[in-house]
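These notes concern the structure reproduced below.
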Amino acid sequence: MINLETPRKFEQLVSQAHLVATEIFRANSRKYDRAEHSYPKELDMLAAAIDGMNEGGGISGAGAGTVGSGPSGNGASGKGRSGNRNGSNMASLLGLIELCWGDVGLLLTMPRQGLGQAAIAAVADEEQLARFGGKWAAMAITEPEAGSDSAAIRTTAKYDEDTDEYVLNGEKIFVTSGDRADLIVVWATLDPSQGRAAIKSFVVERDNPGLKLDRLEHKLGIRASDTANFVLDNCRVPKENLLGSPEIAPKGGFAGVMQTFDNTRPLVAGMAIGVSRACLDRTRELLAEAGIEIDYDRPPHSQPAAAADFISMESDWEAARLLTLRAAWMADNRKPNSLQASMAKAKAGRVATDVALRCVALAGSVGYGEGELLEKWARDVKILDIFEGTQQIQLLIVSRLLLGKTSGELK
Ligand SMILES: Cc1cc2nc3c(=O)[nH]c(=O)nc-3n(C[C@H](O)[C@H](O)[C@H](O)COP(=O)(O)OP(=O)(O)OC[C@H]3O[C@@H](n4cnc5c(N)ncnc54)[C@H](O)[C@@H]3O)c2cc1C
């Protein structure tokens with residue numbers, strides 16, 4: 001059964017992540033919010049420190065790059081074990097919550113993190129893991145005509161028998177860390193006439209001459225994170241860079257690729273929990289400065305409206321946190337968690353966005369100004385309700401799974 005206390009073995013990780021969040025992320029939050037597209041060089045020092053720490057014992061488990069392999073997978077540290085355990089998914093989640101309490105934009109641009117590593121961990125073979133493991137890998141699924149419906153992608157991958165390479169052509173947009181990462185995991189179809197079964201992922205080196213940076217996006221929030229748009233123009237990759245099987249299997253293939261999300265969605269939910277806890281912590285301080293005490297021993301309706309509002313936000317936040325812990329715990333314990341991962345992401349994305357804006361409201365003009373990070377967090381948090389599947393898409397997935405409908409039956 002799940003134990004809701006922070007596992008003792010992760011206490012050090014959590015406290016180190018909190019230290020990084022305070023000393024490095026918070027200290028540079030506003031600077032890189034203003035200096036959009038400039039590289040946060042302070043993070044290089046951090047990456048070097050992370051490399052030097054042991055897996056699990058330090059902060060090394062604190063990023064998306066370290067999650068396990070699929071809903072039935074435990075990551076490297078959990079192979080062959082079953083039962084009640086907290087593995088790399090839980091470690092990553094707890095670390096991310098703390099780091100995003102510091103700054104989610106900086107977390108997203110931390111060297112060697114990146115959701116592309118989750119895809120590599122989920123599908124790569126031993127040889128590919130040796131080549132690509134530990135590198136900074138971005139994920140390129142979205143296209144101008146394919147966002148929520150990722151099966152609609154049009155980027156093609158044609159096999160060239162003469163050179164034993166795949167030749168990729170198409171356009172990819174909104175690639176987080178696309179400019180700074182070492183690798184981009186690109187989704188492309190081997191045969192557009194065969195639908196989702198023909199969609200495969202390919203690892204493309206960032207310096208591949210066929211991968212052309214078109215532009216960087218200017219954004220509402222997470223401005224420290226670079227968001228890149230690319231054109232793939234006869235982009236040649238060795239056939240060994242295709243992740244998974246090159247066969248077009250009518251059943252199971254695409255579902256396998258989609259299972260990566262079962263690991264990454266709880267992590268994005270965790271990011272939302274971290275940002276919204278930052279909002280709650282700061283708002284509690286501002287309320288205290290204004291003389292409003294929050295009394296947990298009295299019913300909310302008998303307290304000032306601001307205190308009652310705060311208590312209701314906290315209870316929503318706690319519900320989101322518990323759903324998210326469950327989804328990550330299930331991944332570590334080899335339990336299928338697609339339903340719980342989507343529930344967690346839907347709840348956390350909605351609650352965090354709501355909490356951030358309500359905290360700005362409670363703080364009034366102070367909350368809206370640049371003198372406080374509240375206004376930044378309220379901008380940053382919205383992306384967590386959009387990428388890795390929007391709020392609406394998570395609810396659609398939950399409905400399908402509860403009702404036993406296929407994606408064709410419930411759209
Ligand atoms: C800052 C940022 C970073 C990103 N990073 C990455 C990345 O690293 N890699 C990557 O591949 N993508 C990335 N994305 C893309 C992101 O995943 C997509 O924006 C998201 O999947 C939604 O796709 P869309 O923007 O095309 O919206 P659409 O799919 O066009 O949706 C528009 C609206 O319609 C709703 N909607 C769509 N279909 C349905 C439906 N069937 N039922 C109900 N409502 C529906 C959506 O929820 C949304 O509200 C990023 C986006 C942003 C903004």
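What to note about this one:
- Within segment 191-218, considering residues that are in a loop (DSSP other than H, G, I, E, B) and within 16 Å of the ligand (Cβ to nearest atom), the one surrounded by the most Cβ atoms within 10 Å (Cβ to Cβ): ARG206
- Close pairs (7 angstrom Cβ cut-off, 6 or more residues apart or separate chains): charged (D, E, K, R) in segment 208-224, part of a loop (DSSP other than H, G, I, E, B) anywhere: ARG223/GLU36
- Filter result (in a loop (DSSP other than H, G, I, E, B) and either within 12 Å of the ligand (Cβ to nearest atom) or closer than 28 Å to LEU339 by Cβ (or both)) within segment 368-385: none
- Residues located in segment 322-339, provided they are buried (at least 24 other Cβ atoms within 10 Å of the Cβ) and either closer than 15 Å to MET258 by Cα or not assigned by TED's automatic domain parsing to the domain that holds GLN259 (or both): ALA331, ASN337
- Those residues of segment 401-411 which are hydroxyl-bearing (Ser, Thr, Tyr) and either near the ligand (Cβ under 6 Å from one of its atoms) or touching a strand residue (DSSP E or B) at 6+ places or on another chain (Cβ under 9 Å) (or both), in sequence order: none
- Checklist (1) more than 16 Å from the ligand (Cβ to nearest atom); (2) in a loop (DSSP other than H, G, I, E, B) applied to ARG223, failing item: (1)
- Residues of segment 296-311 satisfying the condition of being surrounded by 13 or more Cβ atoms within 10 Å (Cβ to Cβ) and either in contact with a helix residue (DSSP H, G or I) (Cβ under 8 Å, 6 or more places away or on another chain) or of a type in the set (Gly, Ala, Ser) (or both): PRO300, GLN303, ALA306, ALA307, ALA308, ASP309, PHE310, ILE311
- In segment 386-400, of all residues being within 9 Å of the ligand (Cβ to nearest atom), out of contact with any Phe, Trp or Tyr (no Cβ under 9 Å at 6 or more places or on another chain) and not polar (S, T, N, Q), the one that is farthest from ALA27 (Cα to Cα) corresponds to LEU396.
- Elements of type helices (runs of 4 or more DSSP H) contained in segment 1-59, each with 1 or more residues being surrounded by 14 or more Cβ atoms within 10 Å (Cβ to Cβ) and modelled with pLDDT under 85: 42-51
- Residue list for segment 139-190, filter: more than 12 Å from the ligand (Cβ to nearest atom), in a strand (DSSP E or B) and of a type in the set (Val, Ile, Thr): THR156, VAL167, THR189
Here's the yes/no breakdown for (1) touching a residue at least 12 places away in the same chain (Cβ under 8 Å); (2) under 20 Å from GLY274 (Cα atoms); (3) within 16 Å of the ligand (Cβ to nearest atom):
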{"position": "ALA288", "(1), (2), (3)": "no, no, no"}
{"position": "TYR296", "(1), (2), (3)": "yes, no, no"}
{"position": "GLU314", "(1), (2), (3)": "yes, yes, no"}
{"position": "LEU322", "(1), (2), (3)": "yes, yes, no"}
{"position": "ARG326", "(1), (2), (3)": "yes, yes, no"}
{"position": "LYS345", "(1), (2), (3)": "yes, yes, yes"}
{"position": "CYS359", "(1), (2), (3)": "yes, yes, no"}
{"position": "GLY364", "(1), (2), (3)": "no, no, no"}
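- Any hit, segment 382-400, residues being surrounded by fewer than 19 Cβ atoms within 10 Å (Cβ to Cβ), in contact (Cβ under 8 Å) with a residue 60 or more places away in the chain and more than 20 Å from THR142 (Cα to Cα): no
The values are calculated or read from the model by the stated rules, or taken from the named source; none is laboratory data. Keep in mind the model is a prediction, meaning the values are calculated, not measured. Neighbour counts run over all protein chains shown; Cβ positions are idealised from the backbone, glycine included.
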